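First up is the structure itself, then whatever we jot down about it.
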Protein chains: 6
Amino acid sequence: MLNVVVTDPPRADLAQVDRLAEYGVATVHEAIGRRGYLGPQLRPNQQGTRIAGPALTVVCWPGDNLMIHVAVEQAKPGDIIVITTTSPSTDGAFGELLATSLVARGVRGLVMGAGLRDTQELRDMGFPAWTAHVSAQGTVKETPGAVNVPVVLGGQVIRPGDAIVADDDGVCVVPRVEVGQAVAKSAARVAKEDATRQRLAAGELGLDIYGLRPKLAKVAFITADEYSRRAGEV
Amino acid sequence: MLNVVVTDPPRADLAQVDRLAEYGVATVHEAIGRRGYLGPQLRPNQQGTRIAGPALTVVCWPGDNLMIHVAVEQAKPGDIIVITTTSPSTDGAFGELLATSLVARGVRGLVMGAGLRDTQELRDMGFPAWTAHVSAQGTVKETPGAVNVPVVLGGQVIRPGDAIVADDDGVCVVPRVEVGQAVAKSAARVAKEDATRQRLAAGELGLDIYGLRPKLAKVAFITADEYSRRAGEV
Amino acid sequence: MLNVVVTDPPRADLAQVDRLAEYGVATVHEAIGRRGYLGPQLRPNQQGTRIAGPALTVVCWPGDNLMIHVAVEQAKPGDIIVITTTSPSTDGAFGELLATSLVARGVRGLVMGAGLRDTQELRDMGFPAWTAHVSAQGTVKETPGAVNVPVVLGGQVIRPGDAIVADDDGVCVVPRVEVGQAVAKSAARVAKEDATRQRLAAGELGLDIYGLRPKLAKVAFITADEYSRRAGEV
Amino acid sequence: MLNVVVTDPPRADLAQVDRLAEYGVATVHEAIGRRGYLGPQLRPNQQGTRIAGPALTVVCWPGDNLMIHVAVEQAKPGDIIVITTTSPSTDGAFGELLATSLVARGVRGLVMGAGLRDTQELRDMGFPAWTAHVSAQGTVKETPGAVNVPVVLGGQVIRPGDAIVADDDGVCVVPRVEVGQAVAKSAARVAKEDATRQRLAAGELGLDIYGLRPKLAKVAFITADEYSRRAGEV
Amino acid sequence: MLNVVVTDPPRADLAQVDRLAEYGVATVHEAIGRRGYLGPQLRPNQQGTRIAGPALTVVCWPGDNLMIHVAVEQAKPGDIIVITTTSPSTDGAFGELLATSLVARGVRGLVMGAGLRDTQELRDMGFPAWTAHVSAQGTVKETPGAVNVPVVLGGQVIRPGDAIVADDDGVCVVPRVEVGQAVAKSAARVAKEDATRQRLAAGELGLDIYGLRPKLAKVAFITADEYSRRAGEV
Amino acid sequence: MLNVVVTDPPRADLAQVDRLAEYGVATVHEAIGRRGYLGPQLRPNQQGTRIAGPALTVVCWPGDNLMIHVAVEQAKPGDIIVITTTSPSTDGAFGELLATSLVARGVRGLVMGAGLRDTQELRDMGFPAWTAHVSAQGTVKETPGAVNVPVVLGGQVIRPGDAIVADDDGVCVVPRVEVGQAVAKSAARVAKEDATRQRLAAGELGLDIYGLRPKLAKVAFITADEYSRRAGEV
């Protein structure tokens, strides 16, 4: 089913998704059990922006952005467009004109495995983007792909309507049906971290707070002199 | 002819080259037929700068910047120095002292496949640079190469005097004899894009503006329910 | 001796280390004989910061930050924590809570071969970091490693207490016993470069200042016409 | 559901899977619509071997092979073990002892995103393996993951029991419920290719056989002289 | 002039090209002045094969092999087909059917920046190939490019009809008009190396044969004891 | 002390080193505590060769093999030459003539971070090599480095005279003073593995032999039906 456009995928609830944006990528990723992070390759085109929204997924052929144009028509306010290619591509498949079109439909930002162009213009517009490459290399509009089918990006499965969270640490996906739980778990984690932060700032050690000392049973605490002696003798 | 310095290569007309800078890399690259882009590896050392100028080309041996010193003597006001190495090198072949020397000769900026150092100082000086690496690793000055011969960088041939355009999207080369045409084509493209931008901002779709719907003949537009049903049955 | 914590390694003298920070990475690296640079992979999380401090070294297993918690207890004011993994890892082993703990102990910054998270929060805190990756991917706390033993990062050996210098050009290590000499040599280099800079700014050529012309004995200076003629004939 | 072992996933029918092995990776990938290829990173440890089998999937933490031992107990004759890590890892998580254990259970081979060791011994044993790395670096056995849950490797989703096909071109996955169709489509493709091969060997052109000439409407067929003339004039 | 097919480019003389194959890549590359090597990314699909032939050049779009089919029609006996893409691509653009078609026209082998498939079949056929990737990922046949225009691959310019030499060390290009000289220089180099080899085998040192000792003026030859003493004192 | 040649470094005992070769890289690396492995980048130029010998270390500048010629004079029978560059380099710094010279001195093989050439000739000669790259690109002989000083390669410190072990899994270093212990520990490990192998071949599980089941306390063993149910409900 490569050449399919799904027109009405259920989307994560926007009110809940908005709450995920408050917590950010690292917190949400940890809160849902260290899952969903799309890896270090996806870097932000701007600094200091944190967004969340339901995924509008796109599958393009390498060097071809035909399906992004198809996806625009399927966009709903609040969406984050998530673009993959069927094989690795650095080409500049997305720029300022497509962003203009998406902004007109209320799309909040872009996550893409290929290349971004018009990077300064996008910053000027305030349209945030996370991509694996920056490239001005142009693409054709010839080969059909898919819109709103499950895609893989950064080793994660993203289904249309799943919640995307993105900030300076990268991008995280939360399955649509888990968003409510993710909000609750993130809130709990933040509360716990606030308490931990105060103790750490006051000089308490993570070794004690997290009870890590038993895991150091085989670790020898020795002086520099002792270390030199052993290294010499082997 | 590796050990050659060409002393008087014809250069692209500065007045025309200056006009290319107004359009930027993505526009010029598209306007001349999706050619000349030097790829995603060359990244700017600063944000928000757009320049153009004739190429002053240099071939260095890896880990050796002797020929950059030779190139300084050949520089003319308006030039952009374009430095390649005979094999891949990340070393910091260029820094603030060489920039000082080039600024004294009116050179506008740097494009280099190797490594840049003194990055903060170069930003403070306002000397823009696009390089494949940042590295403080020092180089020697031992092995001759060439100045103002054709070079290959980022998969593109750059001849001395060709026009270089560089901005946050990367670097593009325009053959010297095509610069006039490139200005005209870029102007036409910008005019056309301005019109398109207004239509897109007003909600019209690229699918319609570009006439893409016939290319979707084999694409099925289906509901999420229908998608689930087919995925289950295969 | 993998599972060892050395509790009292001698540290480079802080007063001298502070002077290294004035000179920066490129100068110090050149001054000590083009040694000690940790390569282009370690990139700063912030722009425009220059620090120096004695190395607090850590060896972690990939995907495991247990030993960073152990290292916090060994930290002394002025230290820069230097974290390696026993095999390549992009995981986000360090974030804002660990930084809070280190700040409480007077640690000046972080150098790490793995991934950084909470990047915006660290910039907000003013805690500088140089890492090979940015990643929100969480780590476990299971497998012991070592603290304050010699480590290898970016192809350089770093011993606990060695001086680390870091700025926008990357990271450099100076062996503890050489720090005094490195300060003196850096000062001399800066003085010499100041003089050279003035001459270059006035239009003198590096070719003449550095006496490079004899190295060009085999280089032919020819016209563009001559070049075309030879290229045609081979 | 990270810490889960599914004990009885339905597996693709072995008789059908065996037929896929006859066709090989390129043919099966094309036959099912250019899907399922795990990319160029997974390389064979041997030359000239072609296998197929149902996937026994494993999720490990980086630098940790605990779950491979868990997977051995779940193996069934004919299986191909497919091992992923929660973040990128080159470590040597699999070697000759684990292969011995799997052979005892009738497992046919290995596909893994991490590193392989005992490469010569595995060739001597005739146990085929496709991995992203070769590495002798040892792993720990500490952190639980999962067995027989859906995994992502090489940008493809692999569900337990899906059919894996592997040969010198790499690795392809066929969803379990599509295996029958894939066999039929592969057979049809091979028959068609046999006919095409004969025509091509006899000197007929793909341009004619595939009817490609209409796609060349805008392509100019010119002489070398004409090309030189146009290049000169631009 | 992207969409051009040049029908009659002059080709390097086959008799001379055949002599280049006797010398191999490393010798020819050195003989012509350390030029023309296409870099370490292009790896052979077989071991122990050494070929040479005039280049039949092709420019494809990424993920699209339309122009390879066009190139077949332009092939002449003895040619080596050299395929580039307008941006980086790992896709399997070439396999056994295209090889069958080229063999029917007397083409000697393949050099390609993209991916190869049917690797075992190509070895069985004896059709040699050097490519940057192995990949079974299929391509489309939609977007025109060019045949027999100058291309860039591995940082080298290759003009149609230039001589290609390829063996286990990789691929080298010799400009068409230099082939005669390259044969003569290669023969001279081999003769000289034969003499050197005998002296080296007899125990003479390269230091003496090449007269390198004067370049070691600043090198201190010291004992291990002396080294330890200096390292301690700094 | 960059420009130093140490003339008489103590070397690991050849008789003991020879015994390490029997055990191979994976076994020795594990036996000495999962240390010393030089990583997956160093690949063999041949298949099925296992050697060991004391390290003859060399530091070259990138693109320059002067110091390899210096090292030949320092070679002793049984040595393995270990070549590093001061910054990353793919150039073909080593080929058949240097191998001829080293064979004349009884050197057993090569380990190098740069590029190898004459790969087929080296296989024909039976001179084994492990390198990070294959490249025919030629080097100059201009800039001095060092011989028989400690070097870093693949993240490991190698001191002159340390034992190098290399086979199809890569390369491992054993500190000179630990070689005796490493032999004993390797022998013990092999004996233990032989016993384990028999039990695994007989169908016993690693889970039981290694006592891993307690580490699976949090792992749920569930049916596929149960998995589907939970995935649906979240």
Rank E:THR7, E:THR27, E:PRO40 by how far each Cα sits towards the positive end of the charge dipole of the stretch E:1-42 (+1 on Lys, Arg Cβ; -1 on Asp, Glu Cβ) and give me just the farthest. E:PRO40
Among the GluC sites (Glu not before Pro) in the stretch A:195-234, which ones are in a DSSP loop with at most 16 other Cβ atoms within 10 Å of the Cβ? Mind listing them? A:GLU204
Using a 7 Å offset from Cα along the direction of the beta-carbon, what are the separations from C:ALA191 to the same position in each other copy, nm, ascending? 5.9, 6.4, 6.4, 6.7, 8.9
Within the accessible area of the stretch E:23-147, what % is carbon and sulfur when the probe is 1.4 Å and the other protein chains stay in place? 46 percent
Take the alpha-carbon centre of the stretch E:164-234, take the same for the stretch C:181-233, and report the distance between them in whole Å. 28 Å
Suppose every Lys and Arg Cβ carries +1 and every Asp and Glu Cβ carries -1, with no other charges. What dipole size does the stretch A:58-191 come out with about its Cα centre, to the nearest 20 debye? 420 debye
Just add up the charged neighbours of F:LEU122: K/R +1, D/E -1, any other residue whose Cβ is under 14 Å from the Cβ of F:LEU122. -2
In B, who owns the beta-carbon nearest the axis carrying B over to C, and how many Å from it? B:GLN47, 6
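Classify the stretch C:42-101: rounded, prolate or oblate, from the alpha-carbon gyration tensor (a ≥ b ≥ c, eigenvalue square roots; a/c under 1.5 rounded; otherwise prolate if a/b is larger than b/c)?
Taking the square roots of the gyration eigenvalues as a ≥ b ≥ c, the stretch C:42-101 is oblate.
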Shape of the stretch D:132-230 from its Cα gyration tensor (a ≥ b ≥ c, root eigenvalues): rounded if a/c is under 1.5, otherwise prolate when a/b > b/c, or oblate? prolate
Can you tell me which of E:LEU97, E:LEU212, E:LEU56 moves the most in a GNM of chain E? Springs connect C-alpha atoms under 10 Å apart. E:LEU212
Rule-of-thumb Rg ratio for the stretch A:1-140 [Cα; 2.2 N^0.38 Å; N residues]: 1.01
Per-copy distances of the E:GLU226 label point, shortest first, in nm (7 angstrom along Cα→Cβ): 3.9, 4.7, 7.4, 7.4, 8.5
So the C/B interface buries, both sides summed and with a 1.4 Å probe, an accessible area in Å² (nearest 100) of 3400 Å²
Given Cα pairs under 8 Å that are at least 6 residues apart, what percent is the relative contact order of the stretch D:43-123? 33 percent
Using a 1.4 angstrom probe, figure out how much accessible area the protein assembly as shown has per residue, in square angstrom, rounded to the nearest whole. 34 Å²
Dipole magnitude of chain E about its Cα centre (Cβ charges: Lys, Arg +1; Asp, Glu -1), debye to nearest 20: 680 debye
Once amide H atoms are built 1.01 Å from N in the peptide plane, which residues 5 or more positions from F:ALA129, or in another chain, come under 5 Å H to H? F:ASN45, F:GLN46, F:LEU110
Shortest first and in nm, the label-point separations between A:MET125 and its counterparts in the other identical copies (7 Å out along Cα→Cβ) come to 3.6, 3.6, 4.6, 5.5, 6.0
Could you grab the relative contact order for the stretch E:15-160? Cα pairs under 8 Å, six or more apart, rounded to a whole percent. 30 percent
Within 10 Å of each Cβ of A:18-30, how many other protein chain Cβ atoms are there on average? 3
Mind running the shape call on the stretch C:66-175? Use the C-alpha gyration tensor, a ≥ b ≥ c as the square roots of the eigenvalues: rounded below 1.5 for a/c, prolate if a/b tops b/c, oblate otherwise. rounded
Choice from F:ALA202, F:ALA184, F:ALA55 showing the highest fluctuation, given a GNM over chain F with Cα pairs closer than 10 Å: F:ALA202
The ³J(HN,Hα) series, computed from each phi in the stretch A:146-155 with the Karplus coefficients 6.51, -1.76 and 1.60 at θ = phi - 60°, rounded to the nearest Hz and given as x for glycine or proline, is 8, 9, 6, 10, x, 10, 10, 9, x, x
Principal axes first, then extents: for the Cα atoms of chain B, list largest minus smallest coordinate on each axis, whole Å, largest first. 69, 43, 37
If you put +1 on each Lys and Arg Cβ and -1 on each Asp and Glu Cβ, how big is the dipole of the protein assembly as shown around its Cα centre, in Debye rounded to 20? 0 debye
Considering the stretch D:129-175, what Rg and Dmax in Å follow from its alpha-carbon atoms? 13.1, 34
Please identify, among F:LEU20, F:LEU98, F:LEU216, the residue showing maximal mean-square fluctuation in a Gaussian network model of chain F using a 10 angstrom Cα cutoff. F:LEU216
Over 29 Å between alpha carbons, listed pairs E:LYS192/E:LYS215; D:LYS218/E:LYS76; E:LYS76/E:LYS141; B:LYS215/E:LYS76; A:LYS185/A:LYS218: B:LYS215/E:LYS76; A:LYS185/A:LYS218
Proportion of all alpha-carbon pairs of the protein assembly as shown beyond 59 Å (%): 12 percent
Rounded to the nearest 500, what is chain B's calculated 222 nm mean residue ellipticity when only DSSP H runs of at least 4 contribute -39500 (n - 2.57) each, over all residues? -10500 deg cm²/dmol
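The values are calculated or read from the model by the stated rules, or taken from the named source; none is laboratory data. Model, not experiment: these values are computed from the prediction. Cβ: placed from backbone, ideal geometry, glycine included. Neighbour counts: every protein chain shown. Surface areas here come from the heavy atoms of the whole protein model, side chains and all, with no ligands, DNA or RNA. Shrake-Rupley method; radii C 1.70, N 1.55, O 1.52, S 1.80 Å.
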